Every structure is written in C-alpha cells, then in structure tokens.
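Notes to accompany the following structure.
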C-alpha cells in the first residue's frame, strides 16, 4: 500500500459528503469479495459500525485505496479479525478528525494496513510500526492526560506552598505586633 500516493489521491478526490451506511458496508464488503475472501457478516458491521467506515468506503470508491486493499488482501484472508483489530486501533478517531487532519488520515490508512498485515510500500515492517506509533492518536491522548495530571499536581503543590507561606507570614506578623 503506497500511503503517500493514497494521501495525495485523497486530497485530490471529491470531498466527502456522507455516505449511506448500507452503501458503505456494500463497498467495503466488495473489497473482501474481490480479494477472494468472505465479506463480513451483518452482525459484525452492526456491533462495530462507525462513521469512519463510510469515509473509508468513500476513499475506496474515489481513490486507489480499494484497489490497493484488494491486491494486498489476496495475500491475507482474515476479514473479521482484521476488522476487530482495526476498530480497536481507531476508537479514538472520529470522522471530523480524519477529514480535517492529514496526520489522522495517514494514521487511519496505516491502522487499516496493520489490521490486515498489509505492507506499506517503501518501508520495512519495523519502519511502518514505528511511524504508526508516532502517529497513534490514542498515545497522544494518553500523553495529554499525563501532562494534565502533572500540571494539576504541580498546581496543588504550588497552592499548598503558597498557603504555608501565607500562614507563616501571618504567624510572624502576630508575633511582631
């Protein structure tokens, strides 16, 4: 899968304007059929459907994303396991993030490739994994939460030190008066 070329095609493709769920499911299931695999059963789509799947279906019908997926899926046939892995990996992403942020678009394409073991053109598996770890929005959110907790504890320590200094000043003032 050539991520750079796909990102350029996505940028040049007609803008995403929404896609009916049934049509999106049909487009994505066609990828599995064309690759010689079995489409995902309806319960799989029902339990884990997300708006980002419609974005992927749009890309599959307007860019070489679908063609690239089919070519590589012929080598790895595990649609349900890949679908679950993909959904877990992108749970922090939403339609708005993907459509408005180039890094999130690259991330979702990389998660798609990783879920089915698809190769990224021009990269070793280790390089692909490292780039995905760098882009992973879940990791960014965790780092943000840690930084926020650190900020709160520093603020609490500063306020405690300030209160102690004010108490010491008041005690000293009382002794002098």
What number of residues in the range 118-143 are in contact (Cβ under 8 Å) with a residue 12 or more places away in the chain and under 23 Å from residue 66 (Cβ atoms)?
9
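So if I check each of 67, 107, which one is more than 20 Å from the chain's Cα centre (by Cα), under 26 Å from residue 129 (Cβ atoms) and at pLDDT 90 or above?
Every option except 67 fails the conditions.
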Output yes when any residue across the range 49-56 is over 19 Å from residue 114 (Cβ atoms), in contact (Cβ under 8 Å) with a residue 40 or more places away in the chain, assigned to a helix (DSSP H, G or I) and in contact with a helix residue (DSSP H, G or I) (Cβ under 8 Å, 6 or more places away or on another chain), and no when none is.
yes
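What about residue 150, is it assigned to a helix (DSSP H, G or I) and modelled with pLDDT under 85?
In short, yes.
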Before we move on, is residue 44 crowded, with 18+ Cβ neighbours inside 10 Å and within 22 Å of residue 81 (Cβ to Cβ)?
no
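The values are calculated or read from the model by the stated rules, or taken from the named source; none is laboratory data. These numbers come from a predicted model, not from an experiment. As a convention, Cβ positions derive from the backbone with ideal geometry for all residues, glycine included, and neighbour counts pool all protein chains shown.
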